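Asks: Attaching a single structure in structure tokens format; questions to follow.
Bear in mind these aren't lab numbers, they're just calculated from the coordinates by the rules spelled out. Everything numeric here is computed off the predicted structure, so don't read it as measured data. Neighbour counts are summed over all protein chains in view; Cβ atoms, including those assigned to glycine, are modelled from backbone coordinates with ideal geometry.
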Amino acid sequence: MTGGEAGGRGRTDRLPTVAVVGAPNVGKSSFVNRVVGRRSSVVSDEPGTTRDRGYSEAEWAGREFTLVDTGGMEPSATTGLQALVTLQAKVAVEEADVIVHMVDSRLGPTEADAAIARELLASGAKVVLAVNKLDNPADDTERYAFYALGEGEPHAISAIHGLGTGDLLDRIVALLPEEQEEAEGEPLPTLAIVGRPNAGKSTLMNALVGSERAVVSEMPGTTTDAVEHVVRVEDAGEERLFTLLDTAGVSRGARRSVGVPYYSTLRTSQAIRRADVSLLLLDAVEGLTGADLRLAREIEESGRSCGVILNKSDLVDAERIRELEEEVTYRMSDLEPPFISISALTGRGVERVLPFAARIERAYGLKLPTHEIAEFVNDLVARSAPAKGVRIRYATQTGTRPPRFTVFANRPKDVREGYIRYLANAIRRKYDLYGVSVAVRVKSSH
Ligand code: GDP
């Protein structure tokens with residue numbers, strides 16, 4: 001569950017994020033408050049008085065963004081200034097599109113400033129250097145000393161008096177990623193029905209697309225003999241459209257596939273990789289077989305999501321269904337897929353199939369408010385610590401589809417696989433990510 005690609009800001013409609021980092025008391029919160037226009041955190045002249053990492057929505061020149069004040073993100077003073085500021089910088093790099101590195105003009109470049117600058121430069125992040133507390137705009141010569149940090153032009157500001165902040169914001173906004181166009185042209189979320197031969201895929205497919213109401217269009221697939229249907233699904237009180245892959249190549253004319261096994265396996269693998277949600281169809285009479293488990297593993301390894309549908313429920317009793325549900329829970333504990341039972345032949349429960357898939361797809365695309373996961377992981381760590389001397393300092397969501405998380409620890413190598421699983425499973429239960437592979441990565445906070 002560790003590893004995986006970095007960043008993961010690819011497919012997301014989250015607001016762009018601007019993080020303000022800097023040594024304690026340089027004026028981060030004053031700047032944030034000025035931009036946000038309200039006093040969202042406590043500010044005083046005492047170092048370290050801003051206790052909470054503040055997340056605020058801000059707007060400048062028509063661009064909206066989330067402004068993060070990283071001040072006080074480390075509640076304990078025992079770790080030392082160096083650790084604190086590098087952690088701050090790492091978190092900012094992980095979360096932010098643009099980073100404002102704030103320094104105090106009256107102190108000159110300090111060691112803490114230099115440590116943060118090194119961290120930021122090494123990461124390749126987009127950085128804007130803000131030299132604060134230059135209260136006399138006529139004389140901004142002090143800012144020149146900060147070229148030494150290597151972060152480009154030092155922008156002189158006075159956060160308290162609002163001097164220079166407009167120019168700084170112009171610069172920040174210019175560095176934000178291009179605004180994402182409306183979802184138009186964006187591919188629809190994709191569903192696939194997979195399972196062993198004879199599980200009932202064609203029958204279910206026909207039952208689903210046979211009900212004309214649901215089908216918006218049918219088109220030849222991009223891959224050779226797959227057919228795709230665009231289906232309309234009611235999900236959480238909203239009408240949503242999905243692409244339903246027809247791996248058996250069955251259209252409404254009930255064209256049967258005469259699949260050579262190799263090709264049907266290949267088609268299944270292609271479908272799994274293309275689909276956001278694969279519905280694994282089990283045959284209630286045959287039970288859960290090795291082939292089914294291999295498919296489940298393939299879905300998990302491709303980072304997709306999975307729901308289990310027990311078919312042919314008309315041929316077995318309720319007791320058998322309960323047993324199979326338990327077996328699925330037990331043997332697919334890495335994904336903990338949700339489970340329903342249907343009869344594709346009689347139509348019982350078929351109307352629940354697409355809403356079931358839509359719910360899983362929603363979990364797959366989960367985007368948590370930034371502070372949420374940090375707080376939740378904090379609680380988990382408080383309840384059960386990783387190991388003696390190992391400290392987890394912060395957690396953040398770094399991607400979606402599937403949801404990916406990064407936690408920062410002082411000794412990442414000592415965070416065991418079992419502990420990572422504990423975090424991943426707790427996140428899954430808390431945010432209803434059943435059937436979704438939850439990736440948790442551990443990075444060094446130093
Ligand atoms: P596929 O190979 O997964 O596409 O499976 P098919 O849809 O061709 O179904 C295989 C056989 O199982 C056919 O004879 C179907 O009529 C039968 N079948 C499919 N679903 C059900 C069901 O819910 N109950 C019963 N009793 N038979 C079913």
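Asks: Label-point separation (nm) for residue 321 and residue 188, each offset 7 Å from Cα along Cα-to-Cβ?
Replies: Reported label-point gap for residue 321 and residue 188 is 2.9 nm.
Asks: Take residue 416 and residue 144, extend 7 Å from each Cα along the Cα→Cβ direction, and tell me the distance between the two endpoints in nm.
Replies: Roughly 5.9 nm, to one decimal.
Asks: Amide H to amide H, which residues 5 or more places from residue 341 or on other chains are under 5 Å from it, using H placed in the peptide plane?
Replies: For residue 341, whose amide H was placed from the backbone, the distant partners under 5 Å are 310.
Asks: In whole Å, largest first, what are the principal axis extents of the Cα atoms in segment 370-444?
Replies: 33, 22, 20
Asks: Between segment 140-176 and segment 407-446, how far is it from one alpha carbon centroid to the other, in angstrom?
Replies: So the separation of the two Cα centres works out to 37 Å.
Asks: Then there's this: Using the Cα centre of segment 370-444 as the reference point, and only Cβ charges (+1 on K/R, -1 on D/E), how large is the resulting charge dipole? Debye, rounded to the nearest 20. The partial results should precede the final answer.
Replies: On the way: 15 positive and 6 negative charges, 60 e Å.
Here segment 370-444 has a charge dipole of around 280 debye.
Asks: Sort the following peptides by mean Cβ neighbour count (other Cβ atoms within 10 Å, averaged over residues), highest first: 377-390, 120-133, 409-422. Please list the in-between numbers first.
Replies: Values: 377-390: 13.9, 120-133: 20.3, 409-422: 15.9.
Answer by packing, highest mean first, reads 120-133, 409-422, 377-390.
Asks: Scan around residue 156 for amide H atoms under 5 Å from its own, H built in the peptide plane at 1.01 Å from N, and keep only partners 5 or more places away or cross-chain.
Replies: HN-HN under 5 Å from residue 156: 131.
Asks: Please turn the phi angles of segment 403-414 into ³J(HN,Hα) values with the Karplus equation 6.51 cos²θ - 1.76 cosθ + 1.60 (θ = phi - 60°), one per residue in order, whole Hz, x for glycine and proline.
Replies: x, 10, 10, 10, 10, 9, 10, 5, 10, x, 5, 8
Asks: Which far-off residues, 5 or more places away or on another chain, put their amide H under 5 Å from the one on residue 195, with H placed in the peptide plane?
Replies: Amide H neighbours of residue 195: 281.
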